[in-house]
Every structure is written in structure tokens, then in C-alpha cells.
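The values are calculated or read from the model by the stated rules, or taken from the named source; none is laboratory data. Computed from a predicted structure; not experimentally measured. Neighbour counts run over all protein chains shown; Cβ positions are idealised from the backbone, glycine included. Each accessible area value is taken on the protein alone, full model and side chains, heavy atoms only, with ligands, DNA and RNA left out. Shrake-Rupley method; radii C 1.70, N 1.55, O 1.52, S 1.80 Å.
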Amino acid sequence: MSDIALDQAPAPARAVRKRSVTIAGHRTSVSLEQAFWDALRVIADAHGRSVAAMIGEIDAANGRLPGPERAGNLSSALRVYVLEQARAGLIG
């Protein structure tokens, strides 16, 4: 039996939110759980940039990775980025 209990996170943090962002002059929609949007805001603030600018940078960096290392889509790339930041201790 697993020790992981998804019900420990508040329901609003698990709710998926869809937001529109402009990346390289093109509008696109990104769906992420609210907890990830919150974490992206914290990270962006810590780096002195907007969430939209940071998403553009993450998207560009993901596009430069070789195929097997590239996240499948932008939402996945953002989740991986937040996880990497959390592992590095940059968010709590």
C-alpha cells in the first residue's frame, strides 16, 4: 500500500487552471495545477521577471534539448522546471 495521500494537498492547489500566455509573439494556453502556477510566481519573483517571460525562457530552453531529453509539451516542461527548482531548494 502506498504512503502517498493526494488528499493531503488542499483541493484548490490540485485544481487545474488554464491560462493564456504569449511566447515569442504567439498566444498559447497552458494548463497547470494551481500549485504549479503559485510556484512559478514565487520563482519568477525571486528572479525578478514576469511569469510570462520565464515561461518563454523555459519553452525556448526545452526546445533546444535533444529529443529524448525534451519534455513532451509546455505544461510538462513547466512542471519539470518547478520540480528542479524545488529540489535545488529555491522554493519551499
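Looking at the stretch 8-21, is at least one residue at pLDDT 90 or above, of a type outside the set (Val, Ile, Thr), closer than 22 Å to residue 87 by Cβ and open to solvent by 30 Å² or more (accessible area, probe 1.4 Å)?
Kept after step one, since they are at pLDDT 90 or above, are these residues of the stretch 8-21: 16-21.
Restricting the remaining residues to those that are of a type outside the set (Val, Ile, Thr) gives 17-20.
Next, only the ones that are closer than 22 Å to residue 87 by Cβ stay: none.
Taking every residue of the stretch 8-21 in turn, none turns out to be at pLDDT 90 or above, of a type outside the set (Val, Ile, Thr), closer than 22 Å to residue 87 by Cβ and open to solvent by 30 Å² or more (accessible area, probe 1.4 Å).
Name the single residue that is nearest to residue 27 (Cα to Cα) among those in the stretch 37-52 being without any contact (Cβ under 8 Å) to a residue 24 or more places away in the chain and surrounded by fewer than 15 Cβ atoms within 10 Å (Cβ to Cβ).
Restricting to residues being without any contact (Cβ under 8 Å) to a residue 24 or more places away in the chain and surrounded by fewer than 15 Cβ atoms within 10 Å (Cβ to Cβ), the top hit is 50.
Among the residues of the stretch 28-55 satisfying the criterion of being closer than 18 Å to residue 18 by Cβ and among the small types (Gly, Ala, Ser), which is nearest to the chain's Cα centre (by Cα)?
39
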